[in-house]
Amino acid sequence: ECGYQDLRREVTTSLEGTMEAGWSLRSVFHRQGLAFEAVSAVLGWAATAHPDLRVTCLIDAQHAVSQHLARKLGFEEFARTTYVGKPVVLFERRR
């Protein structure tokens, strides 16, 4: 799965008004480049369909693989905070 969500999360720094990207693959599909390909496609769609909206993502602070993928896709860390009691990293992708 990959795409955008509007979860209206109670998190400091707020992600409201952004296109929050998310992705998840079953472990059997890891390490095949599928997440990179899928997220690249949805980022391309957003750049065309919503060029003025900021794209963000929230990743568990312990999930190094997803953080690496986010950076590879052009996301940059802009904050560290907690969400439902767990440390998370907030990323944004500048156009």
Tell me, what HN-Hα J-couplings in whole Hz come from the Karplus equation 6.51 cos²θ - 1.76 cosθ + 1.60 at θ = phi - 60° for each residue of the stretch 72-89, using x for Gly and Pro? 4, 8, x, 7, 10, 5, 10, 6, 10, 7, 10, 9, 6, x, 10, x, 9, 10
Per the charge dipole of the chain (beta-carbon charges, Lys/Arg positive, Asp/Glu negative, Cα centre), the residue among Ser66, Val39, Gly85 reaching farthest to the positive end is Ser66
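What does the charge count around Asp60 come to, taking other residues whose C-beta lies under 12 Å from its C-beta (Lys +1, Arg +1, Asp -1, Glu -1)?
Numbers: positive: Arg80, Lys86; negative: none.
Its environment carries a net charge of +2.
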Given labels modelled 7 Å from the Cα in the Cβ direction, how far is it in nm from Arg94 to Glu1? 3.2 nm
(i) 1.40; (ii) 1.03; (iii) 1.08, with the label sought being that of the calculated Cα Rg over 2.2 N^0.38 Å: (ii)
For Trp45, what accessible area in Å² do you get when you roll a 1.4 Å probe over the heavy atoms of the protein chains, rounding to the nearest 10? 130 Å²
I'd like the per residue volume of the convex hull spanned by the Cα atoms of the stretch 32-85, given in cubic angstrom. 100 Å³
Quick one: net charge of Thr81's neighbours, Cβ under 13 Å, K/R +1, D/E -1? 0
Accessible area per residue, Å², the chain with all protein chains present, probe 1.4 Å: 66 Å²
Would you rank Arg8, Arg71 by solvent-accessible area, highest first, keeping every protein chain in place and using a 1.4 Å probe? Arg8, Arg71
Label-point separation in nm, Ala61 to Arg80, each point 7 Å along Cα→Cβ: 0.6 nm
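The values are calculated or read from the model by the stated rules, or taken from the named source; none is laboratory data. Bear in mind the structure is a predicted one, so any value in this text is a computation, not a measurement. For neighbour counting, all protein chains shown are included, and Cβ atoms are generated from backbone atoms with ideal geometry for every residue, glycine included. Please note that ligands, DNA and RNA were not included when accessible areas were found on the heavy atoms of the full protein model with its side chains. Shrake-Rupley method; radii C 1.70, N 1.55, O 1.52, S 1.80 Å.
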